[in-house]
Structure formats: structure tokens, C-alpha cells
Amino acid sequence: MAGKIKHYFAGGNTARGFYNLYDSNLQGLDRLFILKGGPGTGKSSLMKKIGSEWVEKGFDIEFLHCSSDNDSIDGVLIPAVKVGIVDGTAPHVIEPKAPGAVEEYINLGEAWDAKVLSSHKKTIQKLTKQISESFQKAYDTFKEALDIHDDWEKIYINSMDFQKADQLTKKLADVFFGKMKLNKQADVRHRFLGAATPKGAVDFVPNLTEDIQKRYFIKGRPGSGKSTMLKKLAQVAEERGVDTEVYHCGFDPHSLDMLIFRELGIAIFDSTAPHEYFPSRDGDEIIDMYELLIEPGTDELFAETISKISANYKNKMAQATSHLARAKQLHDELEEIYITAMDFSKVENIQQKIAEEINQMAGVSA
């Protein structure tokens with residue numbers, strides 16, 4: 001029986017620049033392979049192939065997706081074997097650290113023809129500079145969108161009953177944890193359920209919650225306390241020793257979008273755009289923050305202002321996405337240059353070597 005694949009992002013293009021949560025997800029590994037090499041050297045394909053082989057062997061794996069390229073991954077983890085392979089090139093994974101793990105750097109650049117690349121030196125430098133500029137434009141525009149979003153939030157923050165918000169959080173903590181106090185330290189992982197990508201917002205909520213029995217869908221407006229409540233619940237879970245997957249907002253990583261307590265079979269997440277979902281099975285429940293905490297009539301009272309803010313926000317987000325798309329287009333041009341210089345038979349040999357080492361660690365025959 002094939003294993004399962006868990007999909008998420010460990011890095012993202014955000015209003016606070018490229019935000020890196022890789023180290024949190026590399027905890028507990030015994031071995032970490034860190035791939036170096038330029039674009040088009042086959043890093044993502046190598047990781048996908050090895051990951052797929054282990055799924056076919058019946059092992060669960062985790063694909064760490066690339067927020068800058070919808071078809072690529074930045075890492076693959078095989079938790080049962082305590083092994084990971086990650087892209088170690090900026091900005092995806094910047095010098096990843098897995099405390100306690102044996103780290104091995106593997107340079108796929110060994111498989112390219114330096115003479116071919118030298119003949120394209122000026123073009124490579126130009127494209128690299130343009131890519132960097134496009135990403136910076138995206139981050140600056142996301143920041144402008146965040147400032148607009150802050151104004152949107154203020155409307156609802158000023159209309160919120162904070163006492164009721166505290167009561168709701170306490171009620172949920174009681175429902176989730178009761179008097180539970182586990183005799184262990186909580187394993188807490190920080191990651192992203194979705195990301196801003198060249199094709200717009202992408203999320204993996206259905207995949208991440210497919211095995212969860214009880215799902216809570218938080219509805220509400222910006223500033224209605226969704227993230228604050230999740231932060232408080234995460235803190236309670238950690239104090240009680242409950243393992244927690246903490247999913248940050250792919251737009252503003254200082255906010256939270258979801259918590260999963262797998263050992264309890266519970267997930268609670270912000271189910272508003274751009275990751276809006278609705279109950280679809282037994283055990284699903286809606287928590288409407290607007291209805292529970294916000295003064296009635298707030299939407300109507302500020303309808304005109306909200307409409308303008310919403311339009312400005314969507315416009316900025318579209319602009320930022322266009323800059324990511326431009327970066328991807330330029331990156332594709334850069335990849336083509338590197339691909340012409342690559343000897344992919346050497347990459348296959350490197351992949352085979354990594355696969356053999358992992359098999360030896362796991363005591364599994366190839």
C-alpha cells in the first residue's frame with residue numbers, strides 16, 4: 001500500500017519579504033542532504049523522484065513546495081527514516097539547519113559545462129539582477145497591500161467585543177484540551193498552508209486536513225480576532241504538551257491561519273479568502289467571528305469605506321502577483337541557459353547515490 005504525501009510551504013513570498021520557516025520543519029532529522037546548483041540543474045526533479053519512490057514503498061512523505069514556481073518543490077522529508085533533502089540555494093532555503101542531523105552538501109553544478117555558462121555570463125548576470133528586482137517589487141507591493149489591509153482591520157477591531165473574544169477562546173481551549181496535560185514536550189512545527197505564487201494564491205488545506213476528524217472553519221472579517229485566537233490556542237496546546245502544526249499566513253507571516261493537533265484529530269483554520277472553504281463532511285463546524293464578536297450593523301455602517309479598501313487591496317495583490325509572474329518568466333529564461341550546459345546523466349548518478357544512502361539508513365532494499 002502506497003504512503004501518503006503531505007503538501008505545504010516552508011517559505012513564502014510575503015509582505016515582509018521572503019519568509020523562511022525551514023528550520024522548524026527540519027527538526028528531528030538524522031540526515032539532511034542540501035542541494036546546491038543554479039536554476040535548471042534538476043534539484044526539484046531529483047527530490048520528486050526520490051519522494052515518489054518512497055511513497056511507492058509505503059512510506060509517508062512531505063513535499064515542501066516552492067512559492068516562486070508552482071511546479072517545483074524545495075524539499076522532501078521522509079519522517080520515518082528521519083531523512084530530508086532540500087534546495088539549499090537562495091532564497092528558498094538559506095543555509096538550512098537541522099540540529100543533530102548529519103548535513104551533506106551536494107553540488108549539482110558539477111554536472112554542468114562551465115565553458116557553456118561562461119559564454120552566457122553577461123546574460124546570466126542581467127537576468128539574475130532582473131529577477132531580484134522583480135521579487136523586491138513584489139515584496140514592496142505586498143507591503144502596500146498589508147498597510148491597506150491594516151486599515152480594513154481597524155474598522156472591525158473598533159467594533160469588537162474583546163471580552164466575548166476571550167470567552168470564545170477559553171471555551172474552545174476547554175473543548176479541545178479539557179484538563180489534558182501530556183507528560184512530554186510538545187513537538188511544534190511552523191509552516192505555511194498556502195503561499196502567494198506566480199499563479200496567485202495557492203493552498204493545501206484539503207490535503208493537510210483530509211485525515212482530521214473534527215475541523216473548525218473560522219469565518220469573519222479582517223480584524224475580527226481569528227489570528228489572535230489561534231495564537232492563544234497554540235500557546236495552550238504547547239503548555240499542555242500537545243504536538244501542534246502552526247500554519248502562518250502566507251501574506252503576513254506574523255499572523256496565523258491554521259492549527260492542527262493531529263494526535264487529537266482536530267484542525268481549526270481561517271476559512272476566508274483566499275483559502276475559503278465550507279463544511280463538507282461530518283465533524284465540520286463553522287465558527288463565525290463576525291456574528292459572535294462584532295457589533296451588528298458594522299458591515300452596513302462602513303459599507304462604502306470597506307468597498308473602497310477592498311478594491312484597493314485586491315488591486316495591490318494583483319500587482320504583486322504580476323511581479324512574481326515576471327520573476328518566474330525571467331527565471332525560466334535563466335533555466336534554459338543552465339539546461340543547455342547540463343549533463344543530466346551526472347545528475348542521475350548523484351540521485352542514485354543519494355537514494356542508495358537513504359536505503360542503507362532505512363535498511364530497505366532498492
Can you run phi through the Karplus equation (6.51, -1.76, 1.60; θ = phi - 60°) for segment 79-85 and list ³J(HN,Hα) in whole Hz, with x for Gly and Pro? x, 5, 9, 6, 10, x, 10
So between residue 2 and residue 60, what do we pick up on full extension, going 0.36 nm a residue minus the alpha carbon distance? 20.1 nm
Of the listed links 199/316; 154/181; 36/122; 36/115, those spanning more than 25 angstrom between alpha carbons are 154/181
Using the Karplus curve 6.51 cos²θ - 1.76 cosθ + 1.60 with θ = phi - 60°, what ³J(HN,Hα) values do you get for each residue of segment 42-50, in whole Hz, with x for Gly and Pro? x, 4, 5, 4, 4, 5, 5, 5, 5
Mean residue ellipticity (222 nm) of the chain, computed from DSSP H runs ≥ 4 via -39,500 (n - 2.57), nearest 500: -14000 deg cm²/dmol
Take every DSSP beta bridge with both residues inside the chain and express the antiparallel ones as a percent of the total, to the nearest 5. 45 percent
Express in nm, to one decimal, how much length is gained between residue 325 and residue 158 on full extension, taking 0.36 nm for each residue of separation and deducting their alpha carbon distance. 56.4 nm
Reported to two decimal places, what Rg/Rh ratio describes segment 230-322 when computed on Cα atoms with Rh from the Kirkwood expression? 1.03
Here FRET efficiency (C-beta to C-beta, residue 16 to residue 166, R₀ 30 Å, nearest 0.05) is 0.60
Förster-model FRET efficiency, 41 Å R0, residue 210 and residue 129, C-beta, rounded to 0.05: 0.45
Straight-distance crosslink candidates among lysines, where the alpha carbon sits under 18 Å from residue 4 and sequence neighbours closer than 8 are dropped: 48, 49, 57, 82
Could you compute how fast segment 114-257 diffuses translationally, taking Rh as the Kirkwood radius over C-alpha pairs and applying Stokes-Einstein at 4 °C with viscosity 1.567 mPa s? Give it in µm² per second. 70 µm²/s
Answer rounded, prolate or oblate for segment 278-334, using the Cα gyration tensor with square roots of eigenvalues a ≥ b ≥ c: rounded when a/c is under 1.5, else prolate when a/b is larger than b/c, else oblate. oblate
Computed from the beta carbon distance with a Förster radius of 41 Å, FRET efficiency for residue 318 and residue 105 to the nearest 0.05 stands at 0.60
Using alpha carbons only, how many degrees (0 to 90, rounded to 10) separate the axis of helix 344-362 from the longest principal axis of the chain? 60 degrees
Does anyone have the angle between helix 121-157 and the longest principal axis of the chain? Alpha-carbon axes, 0 to 90°, nearest 10? 10 degrees
Residue-ordered couplings for segment 25-32, obtained by feeding phi - 60° into the Karplus form 6.51 cos²θ - 1.76 cosθ + 1.60 and rounding to whole Hz (Gly and Pro as x), are 8, 9, 4, x, 7, 8, 9, 10
Counting only DSSP beta bridges with both residues in segment 165-310, what percent are antiparallel, rounded to the nearest 5? 45 percent
Relative to the compact-globule scaling 2.2 N^0.38 Å, provide the ratio for the alpha-carbon radius of gyration of the chain. 1.07
Please give the direction-averaged projected area of the C-alpha convex hull for segment 67-152, in square nanometres with one decimal. 9.2 nm²
With the cut-off at 1.5 for a/c, could you classify segment 194-350 from its C-alpha gyration tensor as rounded, prolate or oblate? oblate
Suppose each label sits 7 Å from its Cα in the direction of the beta carbon; what would the residue 362-residue 118 distance come out to in nanometres? 4.2 nm
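Readers should treat all values here as calculations from the given coordinates under stated rules, not as data from a laboratory. Since this is a predicted model, take the numbers as computed values, not measurements. Glycine gets a Cβ as well: all are built from the backbone with ideal geometry, and neighbour counts include every protein chain shown.
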